[in-house]
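> One structure, as structure tokens, below. Some questions next.
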Amino acid sequence: MVKIVEKQVQLDFPLGHHLHCLIAQIPNRLQRRDHLFTLADVEEQWRLVRSVLDLVAEGSGNLKRLHFLMFPETSVPLSRFDDLLNIIGERFRPNTVTMFGLEQIRLEQYRALLRRFEEDNAEALDCVERDIDSGDILGMPVNWCCIAIKERDGRLRVFLEAKTHPFRGEEFLDKDHDLYRGRHFYLFRAQPACFNFMTVICLDYLYRDLYSSNIKQIIDHADRLFFTMRQSLDALFVIQCNPKPEHRSYREVLTGFYGEFLEDTPGVRETVTVFGNCSDESEIEGVRCQSCYGVSFVAISARHKMSPFQDREFASDDFEGAPVCRLRFGTGTRLYYFNLPLYHELDPRSSRVPLKVHSVLRWADDAGWVKVGDGEGQVL
């Protein structure tokens with residue numbers, strides 16, 4: 001089973017005030033090369049990713065208050081990995097967490113990266129070394145992500161995770177080319193803010209077998225935090241490249257996660273779950289669908305108050321009767337900037353809602369990212 005590794009990080013988030021998250025719902029155009037899914041146009045993809053990084057680094061509007069930045073699974077070119085880390089390290093503000101998925105690589109390359117960042121990934125490297133020792137698997141594809149954390153003193157820490165379960169385009173009849181399954185998740189315990197969060201890749205949120213499941217592992221670990229320290233899992237981020245973002249399996253797991261139908265789950269009762277997907281302009285070789293990407297969303301417990309609402313760019317609902325309040329976004333290429341709600345269940349002010357959308361931005365070829373409004377939008 002997947003091992004949950006706790007990591008202490010120094011993040012000085014404002015106490016008693018909500019945090020801010022930006023989902024970059026950008027397109028992925030992937031093609032299969034030598035049993036790996038890689039970006040069809042590396043420079044075009046990097047131009048789009050770089051535009052988001054520049055926007056965050058400049059801090060226009062109230063982006064100076066950004067704490068979490070999410071890119072989709074497999075959205076960042078491998079050749080630009082160091083460039084991205086340099087931008088975060090040199091230009092991003094302290095107390096910023098950036099989560100992004102990269103192009104697939106071979107297990108041999110993944111091990112080399114774990115060794116490069118061994119100071120932060122020693123436990124993950126041990127898991128990989130044990131797997132490698134058991135067989136000839138260095139050529140297996142790895143779908144992976146990076147969590148880059150710029151701490152309060154400006155130090156950049158780099159954590160790597162491998163996806164634990166593949167989607168249908170990543171499994172092959174030839175076992176030697178099947179996807180490597182990751183063996184660990186990181187649980188980040190931020191101090192002095194006392195904020196606990198995790199990042200997983202897409203189907204890692206769902207994977208289950210006859211004996212146990214990833215999501216139950218996460219719930220049980222969070223419950224132990226609650227019963228031993230009276231802490232909980234504050235946020236769970238799921239980065240996706242998902243052609244079925246509203247599959248019933250997600251609703252079923254969310255129902256169990258927040259509904260307490262099988263066991264009491266105080267460790268995740270107030271968890272904010274953020275799903276960040278790629279946009280409907282995505283194209284993945286071998287995966288056939290029409291306008292089926294997008295729909296990034298945020299879910300919180302139904303104990304919060306959030307009335308149904310419908311807008312052109314987002315809506316709120318209960319995910320077809322699940323015990324959640326959901327903020328559901330659209331399918332286009334957008335940047336969604338919103339707050340992560342505070343831990344309390346109900347606000348005594350009847351007009352107060354726990355989730356606020358600060359801004360929605362669309363991509364314009366001639367002007368970059370502009371605010372979506374009733375008109376053509378304004379430059380942020």
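The values are calculated or read from the model by the stated rules, or taken from the named source; none is laboratory data. All of these numbers come straight from a predicted model, not from anything done at the bench. Cβ placement follows ideal geometry from the backbone for every residue including glycine, while neighbour counts extend to all protein chains displayed. Each accessible area value is taken on the protein alone, full model and side chains, heavy atoms only, with ligands, DNA and RNA left out. Shrake-Rupley method; radii C 1.70, N 1.55, O 1.52, S 1.80 Å.
> What distance in nm lies between label points placed 7 Å from Cα along the C-beta direction at Leu138 and His358?
Between Leu138 and His358, the label points sit 4.6 nm apart.
> If you don't mind, another one. Going Cα to Cα from Lys244, which lysines come in below 26 Å? Please leave out same-chain ones fewer than 8 positions away.
Excluding near neighbours in sequence, the set is Lys163, Lys175, Lys216, Lys356.
> Does the range 279-324 classify as rounded, prolate or oblate by the C-alpha gyration tensor (a ≥ b ≥ c root eigenvalues; a/c under 1.5 gives rounded; else a/b over b/c gives prolate, otherwise oblate)? If you can, show how the numbers build up before the last one.
On the way: a/c = 3.43, a/b = 2.25, b/c = 1.52.
Cα axes put the range 279-324 in the prolate bin.
> Charges on Cβ only, +1 for Lys and Arg, -1 for Asp and Glu, centred on the Cα centroid of the range 1-94; of Val52, His17, Leu66, which one is farthest towards the dipole's positive end?
The one lying farthest along the dipole's positive direction is His17.
> Using the alpha-carbon centroid of each, what span in Å lies between the range 92-141 and the range 221-293?
The range 92-141 and the range 221-293 have Cα centres spaced 23 Å from each other.
> Give the aspartates and glutamates reachable from Lys305 as a straight Cα distance under 15 Å; neighbours fewer than 8 places away on the same chain don't count.
Glu270, Asp317, Asp318, Glu345, Asp347
> Once a ≥ b ≥ c are taken as the square roots of the eigenvalues of the Cα gyration tensor of the range 1-102, is the result rounded (a/c under 1.5), prolate (a/b larger than b/c) or oblate (a/b not larger than b/c)?
On the way: a/c = 2.23, a/b = 1.43, b/c = 1.56.
Oblate, because a/c is 1.5 or more while a/b does not exceed b/c.
> Calculate the spin-label point distance for Met229 paired with Glu90, positioning each point 7 Å from the Cα along the beta-carbon direction, and give it in nanometres.
3.6
> So what's the back-of-envelope 222 nm ellipticity for the chain, counting only DSSP H runs of four-plus at -39500 (n - 2.57) apiece and dividing by all residues, rounded to 500? Provide the component values of the computation, followed by the final result.
Numbers: 6 runs with 82 residues, N = 380.
-7000 deg cm²/dmol, from helical runs alone.
> Additional query: How many Å² of accessible area per residue for the range 210-328, probe 1.4 Å? Walk me through the numbers before you get to the answer.
Values: 5400 Å² over 119 residues.
Spelled out: the 1.4 Å probe surface of the range 210-328, per residue, equals 45 Å².
> Compute the Cα gyration tensor for the range 236-348, then decide on rounded, prolate or oblate, letting a ≥ b ≥ c be the square roots of its eigenvalues: rounded whenever a/c is under 1.5, prolate when a/b is larger than b/c in the other cases, and oblate in all that remain. Mind showing how you got there, number by number?
Working: a/c = 2.17, a/b = 1.56, b/c = 1.39.
It comes out prolate by the Cα gyration axes.
> Over the chain, with a Gaussian network built from C-alpha contacts below 10 Å, which listed residue (Ser249, Ser307, Ser134) shows the highest mean-square fluctuation?
With Cα springs under 10 Å in the chain, the top fluctuation among Ser249, Ser307, Ser134 is at Ser134.
> Additional query: For Lys150, go through the lysines and keep the ones whose alpha-carbon is under 17 Å away, minus same-chain ones fewer than eight residues off.
Those lysines meeting the cut-off are Lys7, Lys64.
> Run the accessible area of the chain with a 1.4 Å probe and give the carbon-and-sulfur part as a rounded percent. Intermediate results must be reported in sequence, preceding the final value.
Values: 7560 of 16170 Å².
Carbon and sulfur atoms account for 47 percent of the accessible area of the chain.
> Moving on. Charges at C-beta only: +1 for Lys and Arg, -1 for Asp and Glu. How large is the resulting dipole of the range 193-344 about its Cα centre, in Debye rounded to 20?
Values: 15 positive and 20 negative charges, 45 e Å.
Computed charge dipole of the range 193-344: roughly 220 debye.
> I would also like to ask the following. Every cysteine in the chain with no other Cys Cβ under 4.7 Å from its Cβ, please list them in numeric order.
Cys21, Cys127, Cys145, Cys146, Cys194, Cys202, Cys241, Cys278, Cys325
> Which value, in debye to the nearest 20, describes the size of the charge dipole of the chain about its Cα centre when Lys and Arg Cβ atoms bear +1, Asp and Glu Cβ atoms bear -1, and nothing else is charged?
960
> If DNA, RNA and ligands are ignored and the probe is 1.4 Å, what is the ranking of Arg288, Arg116 by accessible area, most exposed first? Present the calculation step by step, with values, prior to reporting the outcome.
Numbers: Arg288 200, Arg116 130 Å².
The residues order as Arg288, Arg116, largest area first.
> Here's a follow-up. Considering only DSSP beta bridges with both partners in the chain, what is the antiparallel share in %, to the nearest 5? List each step's numbers first, then the result.
Details: 57 of 85 bridges.
In the chain, approximately 65 percent of DSSP beta bridges are antiparallel ones.
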